[in-house]
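Below: the structure, in structure tokens.
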Protein chains: 2
Amino acid sequence: MAAKPIEEGLEFTPKFDENGLIPVIAQDAKTGEVLMVAYMNRAALDLTIQSGCATYFSRSRQKLWKKGEESGHVQKVEQILVDCDQDCIILKVTVDAGQCHVGYQSCFYRALKKGSDKDLKNIADKVFDPGKIYKT
Amino acid sequence: MAAKPIEEGLEFTPKFDENGLIPVIAQDAKTGEVLMVAYMNRAALDLTIQSGCATYFSRSRQKLWKKGEESGHVQKVEQILVDCDQDCIILKVTVDAGQCHVGYQSCFYRALKKGSDKDLKNIADKVFDPGKIYKT
């Protein structure tokens, strides 16, 4: 299987899907913890590169969303990684405490219980009270 | 903003998208390195839970794909995490050397150069020769 230019090349040509979006993983640059997954359109990616602060495209609100614009929990982008076929991005970010709107550091605060296909367990404690931060 | 049952609840109810797929991050359980991102349909998720080996749905081939079925580089699933709105999954996996078909440990072997919006640089070395493993 010969490697393709998009795989071995050094030109950044992110592939946006049929909705013009690319999935983006925000990963804590220090700890390696995966904090969240969101989506970017071209404008969000350009803004992120230019500003150094993570900006996503909210699928539910259909608009650009600077992470932390309401909560203050911004993501300072240290590095932008892309995968082999350039259809997924990792942002290595520096963050303060509390990246998930539910109150946890990471959105991934639950795990499937061993031997079950439907029961979750909490694997993290909340680090802030979202009721004190979000107004709506 | 009151938390929703899907966010605070302990029932695993993964949300598949309009194509019946959910994005899945494979993360090295020991090092925290993000290895790859792929997709699962319901059958792939069930097989992964039942077998303990990561099985994805290949969008290009439109079929189930047990990771490592050709290369031998399987992923042993240690833990399955889900995010707040249950539309993304992390597999914490134990792996051997070389998870990306291009020859690297991780699919994320390139990063955007500082100050550029189009130039990538390699940030990893290959750990195997894919020409010796893949036949086509």
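The values are calculated or read from the model by the stated rules, or taken from the named source; none is laboratory data. Here the structure is a predicted model, which means the values were calculated and not measured. Here the Cβ positions follow ideal geometry from the backbone for every residue, glycine too, while neighbour counts run over all protein chains shown. Just so you know, the surface numbers come from the protein's heavy atoms only, side chains and all, with ligands and any DNA or RNA stripped out. Shrake-Rupley method; radii C 1.70, N 1.55, O 1.52, S 1.80 Å.
Residues in segment B:29-125 average 43 Å² of solvent-accessible surface per residue, probe 1.4 Å, ligands and nucleic acids excluded.
Remark: accessible area buried at the B-A interface is about 4500 Å², both chains counted, probe radius 1.4 Å.
Dividing the helix sum by the residues of the protein assembly as shown, where each DSSP H run of 4 or more adds -39500 (n - 2.57), gives a mean residue ellipticity at 222 nm of -2500 deg cm²/dmol.
Accessible area ranking (1.4 Å probe, heavy atoms, ligands and nucleic acids excluded), largest first, for A:His73, B:His101: B:His101, A:His73.
The rotation axis that maps chain A onto chain B passes nearest to the beta carbon of this chain A residue, listed with its distance in whole angstrom: A:Gly32, 1.
Rounded to the nearest Hz, the phi-derived 3J(HN,Hα) couplings of segment B:19-30 under the Karplus curve 6.51 cos²θ - 1.76 cosθ + 1.60 (θ = phi - 60°) are 9, x, 10, 10, x, 10, 9, 9, 10, 4, 5, 8, where x marks glycine and proline.
Apolar share of the accessible surface for the protein assembly as shown: 51 percent from carbon plus sulfur atoms, 1.4 Å probe. Annotation note: GluC sites (Glu not before Pro) in segment A:18-78 located in DSSP loop regions with a Cβ neighbour count of at most 12 within 10 Å are A:Glu18, A:Glu69. Helix B:42-51 and the longest principal axis of the C-alpha atoms of chain B enclose an angle of approximately 80°. Name the most mobile residue of A:Ser58, A:Ser71, A:Ser116, meaning the one with the largest mean-square fluctuation, in a Gaussian network model of chain A with Cα contacts below 10 Å. Answer for the Gaussian network model of chain A: A:Ser116.
Tell me the Kirkwood radius of segment B:45-88: reciprocal of the mean inverse pair distance over distinct alpha-carbon atoms, in Å. Across segment B:45-88, the inverse of the average 1/r is 11.5 Å. Within the set of other residues whose C-beta is less than 15 Å from the C-beta of B:Val74, count the net charge using Lys and Arg as +1 and Asp and Glu as -1. Summing Lys and Arg as +1 and Asp and Glu as -1 gives -1. Taking amide H as placed 1.01 Å from N in the peptide plane, the amide H of B:Lys113 sits under 5 Å from that of B:Asp119, B:Leu120, B:Lys121, each at least 5 places away or on another chain. Going down the table (A:Lys15/A:Lys63; A:Lys63/A:Lys113; A:Lys76/A:Lys113; A:Lys66/A:Lys126), which pairs top 28 Å between alpha carbons? Violating the 28 Å Cα-Cα cut-off are A:Lys63/A:Lys113; A:Lys76/A:Lys113.
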